[in-house]
1. Based on the Cβ-Cβ distance from Glu61 to Gln141, what FRET efficiency comes out when R0 is 22 Å, to the nearest 0.05?
2. How would you order 23-33, 79-89 from highest to lowest mean count of nearby Cβ atoms within 10 Å?
3. Can you give the net charge of the other residues whose Cβ lies under 12 Å from the Cβ of Thr52, counting K and R as +1 and D and E as -1?
4. Please give the peptides 136-147, 58-69, 180-191 ranked by average Cβ packing (other Cβ atoms within 10 Å per residue), highest first, as a rough proxy for protection.
5. Using the Cβ atoms and a cut-off under 14 Å, what net charge is assigned to the surroundings of Glu137, where Lys and Arg are +1 and Asp and Glu are -1?
6. Where nothing but the Cβ of Lys and Arg (+1) and of Asp and Glu (-1) is charged, how large is the charge dipole of region 120-180 around its Cα centre, in debye to the nearest 20?
7. With point charges of +1 on the Cβ of Lys and Arg and -1 on the Cβ of Asp and Glu, referenced to the Cα centre of region 48-94, which listed residue (Gly92, Leu72, Thr52) lies farthest in the positive direction of the dipole?
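Rule-based calculations on the coordinates, nothing more; no lab input. Just so it is clear, the structure is predicted and the values come from calculations on it, not from any experiment. Virtual Cβ from ideal backbone geometry, glycine too; neighbours counted across all protein chains shown.
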Amino acid sequence: MTDPELPEAQWTEAQWTEAQWTEAQWTDETRRRYRQATAELLVALSEHDRQTSAMTGRQHEMAEIFAVNDALRLAAEAFDDALMDFTGTTIGWGDLADYEDQEFDDDVEVLDAPSSGLVALMRREDYVVVNEDAVVEAGRQAYRETWPNDTDDDAKFRVHGLGPALYELIHAASAEDPAAVLARTEGLRPAGPSAVVFAMAAEEFDPDAIDLFGGDDAPTEIYRLVVIPGPE
């Protein structure tokens, strides 16, 4: 919310009174700012249409689409502010952006174990990277298997390092044991036994709904177990 009686640099929501909110509405100044914000939103929308329509879905275009999305979002939020100043109403785009930016507390409280339900063990596997280039190339091949319509350039853009390569290898293997996938990957060598890191306990067992990593069905209780030594 801006104050038409103050220079733009001094506009703050705290400086508005209820009377100012009402008196500022439908004034020439707030009308001017509303029309300016509308014009800027139309330009941003037209530019978004121009750039996005020319894209073909290649991986290297992702940075561009995020940039044009951000530009349109900022223009929409500025329009919403100007609309509020002028009419006392709002579409709510700014509220949606504020909701998306909220930070959620992911801390987990450790409680007594339930007497029944589900217990899920989390396992750690260690591997020595003996040839990173080979692992990256294997990840790119896995990416092409998952996305056969993409090009070699897309694979190189998407799999640009060790982390993305490991993700694509496991993703392409679907239901296969990730440890078996990585064990046969050129450039990796298993290093020592598995390590049981911790267990999660859930009050109710629903194999179709439970999500160990988030959501309403995620377990709320974590119990740390023994960690087996890694590489020998």
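1. For R0 = 22 Å, the calculated efficiency reads 0.50.
2. Descending packing order for the listed peptides: 79-89, 23-33.
3. Here the count lands on -3.
4. Those peptides, ordered most packed to least, come out 136-147, 180-191, 58-69.
5. Its environment carries a net charge of -2.
6. Computed about the Cα centre, the dipole is about 180 debye.
7. Projecting each Cα onto the dipole axis, the largest value belongs to Thr52.
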